[in-house]
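The values are calculated or read from the model by the stated rules, or taken from the named source; none is laboratory data. Quick caveat: nothing in here was measured; it's all calculated off a predicted structure. Every residue, glycine as well, gets a Cβ built from its backbone with ideal geometry; the counts of neighbours run over all protein chains shown. Ligands, DNA and RNA are excluded from the accessible area calculation, which covers all protein heavy atoms including side chains. Shrake-Rupley method; radii C 1.70, N 1.55, O 1.52, S 1.80 Å.
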Amino acid sequence: MEKVACVWSNHSGSGFVHCLGQWQTAESDDDTVSSRNDLLIQNRCVSVGSCCVYSSHSCQLVEAHRNDMENIFPFLFLGAVYSLIGPSLAVARAHFLVFFLFRVLHTVAYLCVLRAPTRSLAYVVAQVPCVSMAVQVLAAVASSW
């Protein structure tokens, strides 16, 4: 994976990506897929947000990893704060297990391109423990004031 500086511009149905001082053309109907921030050019994905060039499969892995980190790091922080309020061990374990299992399902659905509701439902179910923990933390803080 080589890092490059990229600029994407759309002009009359064709996309131009400027990488390493050379212009490459991508026809928007055939080559543009992946996501709104990514452009597939000659079986290579240019991620405009991170300015990196990856193969199309690597790009999908990078996007799945980024998506996981955007959800897992806040959960870890929330879980640590939740642990400080002294919850029931069984309830805390259930929160952590539900989040873990449905994030794994979400990642598998993301990478294997499973049917549409699978990924969305996995995301929503994985957020339920987060909301529950946040409400319990806020209730504990409010009761101590």
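Below is a table of values for the structure above.
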| item | result |
| --- | --- |
| Matching option when the condition is at pLDDT 95 or above, open to solvent by less than 70 Å² (accessible area, probe 1.4 Å), on the phi < 0 side of the Ramachandran plot and polar (S, T, N, Q), among Ser132, Ser58, Ser50 | Ser132 |
| Search result, residues across the range 88-122 that are without any contact (Cβ under 8 Å) to a residue 40 or more places away in the chain and among the aromatic types (Phe, Trp, Tyr) | Phe96, Phe99, Phe100, Phe102 |
| Hits in the range 88-108 (condition: assigned to a helix (DSSP H, G or I) and open to solvent by 60 Å² or more (accessible area, probe 1.4 Å)) | Leu89, Ala90, Val91, Arg93, Phe96, Leu97, Phe100, Leu101, Phe102, Val104, Leu105, Val108 |
| Answer from Ala126, Ala64 - the residue that is of a type in the set (Gly, Ala, Ser) and modelled with pLDDT under 95 | Ala64 |
| Candidate set from the range 73-87 (those that are free of Cβ contacts under 8 Å to residues at least 24 places away in the same chain and in contact with a helix residue (DSSP H, G or I) (Cβ under 9 Å, 6 or more places away or on another chain)); member that is surrounded by the most Cβ atoms within 10 Å (Cβ to Cβ) | Ser83 |
